[in-house]
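One structure is given here, and the rest of the page talks about it.
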Amino acid sequence: MQQYADLEISLHKADEGMYSVQFRFSQPKSEADTGLGQDKPVWVEIDPDSSTFDPGVLDPDAYATDLTSALFKDEMLRTAFAQARASAQAENLPLRLRLWISASAPELHRLRWELLRDPQDYSPLSTNENIYFSRYFSSMDWRSVQLQQKGNLRALVVVANPSDLGNYKLAPIDLDGELERARAGLAGVSLVELPAGGKPASVDEIISGLRAEGSDILYLVCHGVVANGRAMLYLEGADGKREAVNGDEFALRIKELQKPPRMAVLISCQSAGNGTGDALSALGPRLMEAGIPAVIAMQANLRMDTASQFLPSFFDELQKDGQIDRALAVARGMVRKQPDFWAPVLFMRLKSGRLWYTPGFGDARKGAAKLPAIISNIESGRCTPLIGPGLVEPIIGSMHDIARQWAEQFRYPLSPSERESLPQIAQYLTVQQDDLFPIGELEKILVKQIRTRFAADLPENLRTGRTKLYTLVEVLGAKRVQDPNDPFRALAELPLPIYITANQDSLLEIALRAAGREPQVLICPWNDTLAQEQGEFKEKITVERPLVFHLFGMLGNPNSIVLTEDNYFDFLIGVTSNNDIIPTPVRRALNDSSLLFLGFQTQSWDFRVLYRSILSKPGGVRRSKYAQIAAQVEPDDSRILEPQRARTYLEEYFGKGADIDIFWGSAQEFLNELMQLWRSGE
């Protein structure tokens, strides 16, 4: 798997025409981000409405010079960018350059950032195959951006050519030619085409096609404009004549799909904004906001000869490794001599840049060979699952996304590298508001998200009004456990006496009861209030009455929840100063059994505190006798993506004697594989 250096340049509006610029840089061998010597934001002056950036009189060379000079006017930024490039080149790595424009500065999307140049030698950045350029985009769609397994890609190809375009002084679209170009560009991809079989290229047929076929890619060719600040698409009505569709309406229909496409390619005039209005109202960004994690759109008319070279090159490269931004860099390089090489824009929420991933072990031969040992340890009761956020995020959403949302909403003033860390943002809110504010706000967000995502699964009385979060989770848990592929149902099927969870929900307990077992629930008494509430744990633990040990609290008990930085520090102090806080059976299981890390990320607070507070204690040498496996959550915009790197990091945590393998994929995918082997032995 290819590695790369990562540079995020973020722009935030400070005042009219003034923006703060912050850099965040990381290398694949490091878990830490660096600001490249930038200890505070740098202010730049950019006027998107000035004649300098008038798209109507676009001189690409002059535009590129002016835009580059505006962004890199400050010497600190020029130096930081040079350091990032030099650091990547020294390691012989490509540089992933992501331009992140905050929600406070949507007007900056009107600029032709694809013309940006290196401030040192003024070479184009977006045509360099060693630089993967994209506009990184945050979305209010709460769903975590999760990749899928590599498989047979499917695409819905739509070419809208209304019969009455001449009445609107629009040139007819070469239907046969565009379909042929799509087939050539998407060679090897299973295609469904519109119009076909009497079905017009209408918005209803497009949505039906996406829903029925489960398309990975939406490929759309049509006329489009931005009028009065809104994107308009000219599709076909039932009679084959022009049907003007508002881009907002089209995006809403996409958002309502249970499974939106993973990528959209928009070969449409002005589909990424016409430069004269609010570009965020154009279709490209709207679709990305609607839940499509990668959208390629045109910010100007794309010449036919440019398209005939660009598209086949892009899709050919894409099918090699699924790396969207790399494929785009190669394709744009192929048309670098064309006057409109800058027209394709990549809006993306994927830090990995990948359209798919292949599940399995980082060391396939060694990792897969360990599964029989894991099965044997399960049979003997010497296996302990440690359950992380990855198992519950499909229901409650990503904590990284919520942290980003809070950072924007409450104007978090510190390092951009902290904007995805919920403990740090929550800590800021306790200072800005009060100690209980983050917990209350988090519950409101999660209630709203669950209602939006699972409205059909909730009784009518829980869809509105004041409802406790744990009540919604209980209802959903009872429904989800009926699914044979539910990860908590799988865990409940395994005859294990102890489960340790970093989550604050009751989904595991619900699954255990559904399996005919009676769980004993214990919250780690990390503060005095909890210790007094629970008292000393003396119950007998058996497979029939297993212990579910909640490390970081439970919903419905605000005093137990570990959320802010201070909460984590207090937890560490409480656990490390008193060994008896962790019940003896739990300590024994952690030190003398096979551990399954399910849904953790090694850079997250929950994992690090789990290790520092419990797993680093004396006695862990016995763990070297057992096979250990860590199953990562779905690769998304903020996850560790290299299995070997993650494995090395874990081994450094646990010491040279550790025998740990990383499963490349989701915890559920690992459990599916494990359960298939487990059930086959019955």
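The values are calculated or read from the model by the stated rules, or taken from the named source; none is laboratory data. Treat the numbers as computed from the prediction; the structure is a model and nothing was measured. Backbone-built Cβ (ideal geometry, glycine too); neighbour counts: all protein chains shown. The protein model used for the area step is the full one, side chains on, heavy atoms only, and it has no ligands, DNA or RNA in it. Shrake-Rupley method; radii C 1.70, N 1.55, O 1.52, S 1.80 Å.
Among the residues making up segment 231-278, those that are of a type in the set (D, E, K, R), closer than 21 Å to residue 293 by Cα and either at pLDDT 90 or above or not in a loop (DSSP other than H, G, I, E, B) (or both) are 248, 249, 253, 255.
Close Cβ contacts (under 8 Å, 6 or more residues apart or on different chains) running from residues in segment 417-431 that are over 10 Å from residue 402 (Cα atoms) and charged (D, E, K, R) to residues that are open to solvent by 30 Å² or more (accessible area, probe 1.4 Å) and assigned to a helix (DSSP H, G or I) comprise 418/424.
Conditions (1) of a type in the set (Lys, Arg); (2) open to solvent by 30 Å² or more (accessible area, probe 1.4 Å); (3) modelled with pLDDT of 80 or more, marked per residue:
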| residue | (1), (2), (3) |
| --- | --- |
| 343 | no, no, yes |
| 364 | no, yes, no |
| 379 | no, yes, yes |
| 393 | no, no, yes |
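Among the residues of segment 554-596, those that are over 15 Å from residue 381 (Cα atoms) and assigned to a loop (DSSP other than H, G, I, E, B) comprise 554, 555, 556, 557, 561, 562, 563, 564, 578, 582, 583.
Yes/no matrix, rows are residues, columns are (1) modelled with pLDDT under 80; (2) open to solvent by 50 Å² or more (accessible area, probe 1.4 Å):
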| residue | (1), (2) |
| --- | --- |
| 561 | no, no |
| 567 | no, no |
| 570 | no, yes |
| 573 | no, yes |
| 581 | no, no |
| 585 | no, no |
| 591 | no, no |
| 618 | yes, yes |
| 626 | yes, no |
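Could you pull out the residue among 70, 64, 80, 105 that is among the small types (Gly, Ala, Ser) and more than 23 Å from residue 25 (Cβ to Cβ)?
64
Among the residues of segment 389-427, those that are part of a helix (DSSP H, G or I) and β-branched (Val, Ile, Thr) comprise 395, 396, 402, 425. The set of residues in segment 171-205 being touching a Lys or Arg at 6+ places or on another chain (Cβ under 8 Å) and not in a strand (DSSP E or B) consists of 189, 203, 205.
The lone criterion from (1) open to solvent by 20 Å² or more (accessible area, probe 1.4 Å); (2) within 19 Å of residue 23 (Cα to Cα) left unmet by residue 101 is number (1). The number of residues in segment 152-204 being surrounded by fewer than 17 Cβ atoms within 10 Å (Cβ to Cβ) and not basic (Lys, Arg) comes to 23.
Is it true that residue 225 is modelled with pLDDT under 85 and either open to solvent by 20 Å² or more (accessible area, probe 1.4 Å) or in contact with a strand residue (DSSP E or B) (Cβ under 7 Å, 6 or more places away or on another chain) (or both)? Answer is yes for this residue. Counting only helices (runs of 4 or more DSSP H) that sit completely within segment 435-515, those holding 1 or more residues that are under 26 Å from residue 424 (Cα atoms) and β-branched (Val, Ile, Thr) correspond to 437-453, 469-480. Quick check, is residue 518 surrounded by fewer than 14 Cβ atoms within 10 Å (Cβ to Cβ) and of a type in the set (Asp, Glu)? For residue 518, the condition - surrounded by fewer than 14 Cβ atoms within 10 Å (Cβ to Cβ) and of a type in the set (Asp, Glu) - is met.
Pull out all pairs, ordered by first then second residue, where Cβ-Cβ is under 7 Å, the residues are six or more apart or on different chains, the first lies in segment 526-539 and is part of a loop (DSSP other than H, G, I, E, B), and the second is surrounded by 14 or more Cβ atoms within 10 Å (Cβ to Cβ) and not aliphatic (A, V, I, L, M). So the pair list comes out as 526/570; 526/571; 526/574; 527/570; 527/574; 537/583; 539/520. Per the conditions (1) over 17 Å from residue 571 (Cβ atoms); (2) in contact with a His (Cβ under 6 Å, 6 or more places away or on another chain), the sole criterion not satisfied by residue 545 is (2). The single condition among (1) open to solvent by 30 Å² or more (accessible area, probe 1.4 Å); (2) among the hydrophobic types (A, V, I, L, M, F, W, C); (3) more than 29 Å from residue 627 (Cα to Cα) that residue 541 does not meet is (3). Applying the set (1) open to solvent by 20 Å² or more (accessible area, probe 1.4 Å); (2) of a type in the set (D, E, K, R); (3) at pLDDT below 90 to residue 336 leaves exactly one unmet item: (3). Within segment 390-416, restricting attention to residues that are among the small types (Gly, Ala, Ser) and closer than 11 Å to residue 449 by Cβ, the residue that is nearest to the chain's Cα centre (by Cα) is 398.
Could you list, in sequence order, the residues of segment 281-315 that are touching a residue at least 60 places away in the same chain (Cβ under 8 Å), of a type outside the set (Phe, Trp, Tyr) and either surrounded by fewer than 20 Cβ atoms within 10 Å (Cβ to Cβ) or closer than 23 Å to residue 339 by Cβ (or both)? The answer is 284, 299, 300, 307, 308, 311, 312. Checked against (1) of a type in the set (A, V, I, L, M, F, W, C); (2) open to solvent by less than 10 Å² (accessible area, probe 1.4 Å); (3) modelled with pLDDT of 80 or more, residue 375 meets all criteria but (2). Residue by residue through segment 395-416, note down the ones that are in contact (Cβ under 8 Å) with a residue 60 or more places away in the chain, surrounded by fewer than 21 Cβ atoms within 10 Å (Cβ to Cβ) and either touching a Pro at 6+ places or on another chain (Cβ under 7 Å) or farther than 19 Å from residue 98 by Cβ (or both). Matches in segment 395-416: 395 only.
Pairs are defined by a Cβ separation below 9 Å, a sequence spacing of at least 6 or placement on different chains, a first member in segment 324-338 that is closer than 16 Å to residue 135 by Cβ, and a second member that is β-branched (Val, Ile, Thr); the pairs so defined are 324/296; 328/296; 329/127; 329/131; 332/127. Selection of segment 381-391 for residues being open to solvent by 10 Å² or more (accessible area, probe 1.4 Å) and closer than 13 Å to residue 626 by Cβ yields 381, 382.
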